[in-house]
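Q: Quick one: the structure is below, questions incoming.
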Amino acid sequence: MDSQFDYIDQQILIKLRSDARKPFSQIAEELNVSNSLIHQRIKKLTNDKVIKNAEFILDEKKLGYRTKSYTGIRLREARFAKSAMKELEKIEEIVECNFVSGNYAIFILIFAKDNEHLQKILYDKVHLINGVAGTDTFISFDTCFKRNLPIK
């Protein structure tokens, strides 16, 4: 971790990482510091963009999205990358888009209701984007774990 973070900052981040909704007063009590210090530190961490946002994590399966896939997108030419990513952002089922190196120019994460829905997203939306030369899709059977980076 960057040397600008002291023990208190590290502990705040560790506690927020495990529960972003944890009350600041509880964090202050656990760290044996004032509530105002916690507010100041979190404000600084937010202003410094160390903390980007607190968000709710929705359970995609409970929302009816049973198919999760990673899709690599090949472009006809590199010049299509920015415009293709703008078009991909319009597709609600695409929850992540990465500009990558290797065989693909773009790698996306898609949640679909089922395989038929995934096929429609790919063939009726993604493949119609100007510059897309092809895709390879990898179905995810399950997410074994997902975590934030360590705070050291």
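Q: So which residues in the range 55-114 are over 18 Å from Asp142 (Cα atoms), within 16 Å of the chain's Cα centre (by Cα) and of a type in the set (A, V, I, L, M), if there are any at all? Walk me through how you get there before you give the answer.
A: Quick first cut of the range 55-114, residues over 18 Å from Asp142 (Cα atoms) only: 55-56, 72-92, 97-107.
Retained after the next criterion (residues that are within 16 Å of the chain's Cα centre (by Cα)): 55-56, 85, 88-89, 91-92, 97-100, 106-107.
If the condition is that a residue be over 18 Å from Asp142 (Cα atoms), within 16 Å of the chain's Cα centre (by Cα) and of a type in the set (A, V, I, L, M), then Met85, Leu88, Ile91, Val100, Ile106 are the ones that fit.
Q: Let me ask you something else. Can you spot a residue in the range 42-63 that is small (Gly, Ala, Ser) and modelled with pLDDT of 95 or more?
A: no
Q: For Glu60, state whether it is closer than 30 Å to Ala133 by Cα, assigned to a loop (DSSP other than H, G, I, E, B) and not assigned by TED's automatic domain parsing to the domain that holds Asp124.
A: yes
Q: Kindly provide the set of residues from the range 61-86 that are surrounded by fewer than 17 Cβ atoms within 10 Å (Cβ to Cβ), farther than 11 Å from Ala105 by Cβ and without any contact (Cβ under 8 Å) to a residue 60 or more places away in the chain, ordered by number.
A: Lys61, Lys62, Leu63, Gly64, Arg66, Ser83, Lys86
The values are calculated or read from the model by the stated rules, or taken from the named source; none is laboratory data. Nothing here was measured: the structure is a model prediction, and the numbers come from that model. Positions of Cβ are generated from backbone atoms using ideal geometry, with glycine treated the same way; all protein chains shown enter the neighbour counts.
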